[in-house]
Amino acid sequence: MRIVRSVATIGGFTMISRVLGFVRDAFIASYLGAGPVADAFFVAFKFPNFFRRLFAEGALNAAFVPMFSRFLTGKGIQQATQMAEQVFSALFLTLFAFVLLVEICLPWLIYILAPGFHATPERLELALTFARITFPYILFISLTALMSGILNSLHRFAAASAAPILLNIAMIGGLLFFRSLTPTVGHTLAWSVTVAGVFQFLWIRRSLRVAGVQLKWQMPKLTPAVKQLLHVMMPGALGAGIIQVNLFVDMIVASFLPVGSVSFLFYADRLNQLPLSVIGIAVSTALLPLLSKHFEKRDHHLAIEAQNRALEFTLFLTLPATLALIILAEPIISVLFERNAFGPLQVKETAATLSAFAIGLPAYIMVKIFSTSFFARYDTRTPVKGALMSLAANFLMNLAFMTTLKHVGIALATALAAWVNVAYLLRYLFKEGVFHFTASFKNKFPRMLLATAIMGSVLGILLRVFENVVQDSSWMKILVVVTLVGAGMISYLLLGLVLKAFDVEEVKMKLKIREGE
């Protein structure tokens, strides 16, 4: 398997999804702005996403993919499929009961999730209504994630990577064609989320059948495979849960801040998530099955080489993206969202929040890569400890920053806490002797930093030159922002070549990692 080819497949579909996501967010910003309905919807939308990241993208996937890969390698596709059927059936029954329980308890849970909404009963009632509608999404998306893990283990990345596109299509379609049928646009969006979950489930189930795997229902039993999965998954669930608690802490704190704070954080995080999803999640998704096989075969040298090349590749893309988001935050936010209910004030507040979030962008992606090394060796406890350290740091910094920096302080605390997690994970990887920086990485990394710094200077100068145009409300502003982004990309690539931070042949050949090499 070529990791760059896999990353390109995953990242390509993720990029399409993110572009559609920005179209979706532009519609949301236009119709909702950053008012009470928007705040209520974003709180409700985060609720199922908390458990999606916990079950779907977090502990379940991290525990299931190495186990399925081991069954596939050692026992064949038939026994691997039987194991997957046992897990699928148990997961369905558990989640179905969980959704019912949460729906019953939602009136009390909303008080916990957004205590600051008590001062504005309208937001509180809307958040409760929207959460009731959106929460069943977790059932469909978690089962979809399990089936996607099977496809990823079979090195079929395209279908699973394309699934998130359906969510954006459903929400855009809802806004365009059905918003007049519901009391508010927030209701339209909430129903669109749940409908999208059904579509995603059906799409991945069909893709699995095309791949030759058909999961059949079994009466859920606590089989040895399910027991092992739970044993590996529980610490990971705690770790993933801690990471999500970080997000909930941010939301709880933001609910006490002025109206619009929750929305500013949402819009900024959406843009911040673009490089994280396209690069970080794509690399970690492609890397997990590969590292699992290398560690299973005790090929530690190949595992270390794979991690370094993944790190080189991601930082090569992430470092300039980080600085560009910090420097160009305001013009980018303006181009994407400034229309109708989303005015200049909302642009300024969201841009400041984005700049703070972007400080942690390399850290978010490094955590993805370093955590994958632990998951591939069935060590889910160490990432939990790192997540706990990050949670403590985030909580303390939230308290320190919220009074003076408000929502920007919340974003800054999240970014700095991610770097705490990186330091913790790296310390243990070095200590256990399963990772070190290769000579290639040590040579290239300082050159990447220098190329990024010079690119930042170029962007700063150009932004000053076009300052008046960027503040204009005409189509010329869009052209200038596109020009600035293009100039940044070209200058970084040219500087990288001149400084030998990378070369064309290396990008084409050296970053390709084959199984068994």
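The values are calculated or read from the model by the stated rules, or taken from the named source; none is laboratory data. Note that the structure is predicted; figures quoted are calculated from it, not measured. Positions of Cβ are backbone-derived with ideal geometry, glycine not excepted, and every protein chain shown enters the neighbour counts.
Take the residues of the stretch 231-274 that are at pLDDT 80 or above and among the polar types (S, T, N, Q): which is farthest from residue 32 (Cα to Cα)? The qualifying residue farthest from residue 32 (Cα to Cα) is 272. Pairs meeting the criteria (first residue in the stretch 463-479 and within 20 Å of residue 326 (Cβ to Cβ) and in the same structural domain as residue 328 (by TED's automatic domain parsing), second residue in a helix (DSSP H, G or I) and modelled with pLDDT under 70, beta carbons under 8 Å, at least 6 apart or on different chains) are 463/470; 477/469; 477/470. Of all the residues in the stretch 324-368, those that are among the polar types (S, T, N, Q) and surrounded by 24 or more Cβ atoms within 10 Å (Cβ to Cβ) number 3.
For (1) surrounded by 12 or more Cβ atoms within 10 Å (Cβ to Cβ); (2) at pLDDT below 85, each residue gets a yes or a no:
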{"residue": "462", "(1), (2)": "yes, no"}
{"residue": "471", "(1), (2)": "yes, yes"}
{"residue": "476", "(1), (2)": "yes, yes"}
{"residue": "483", "(1), (2)": "yes, no"}
{"residue": "487", "(1), (2)": "yes, no"}
{"residue": "501", "(1), (2)": "yes, yes"}
{"residue": "510", "(1), (2)": "yes, yes"}
{"residue": "514", "(1), (2)": "no, yes"}
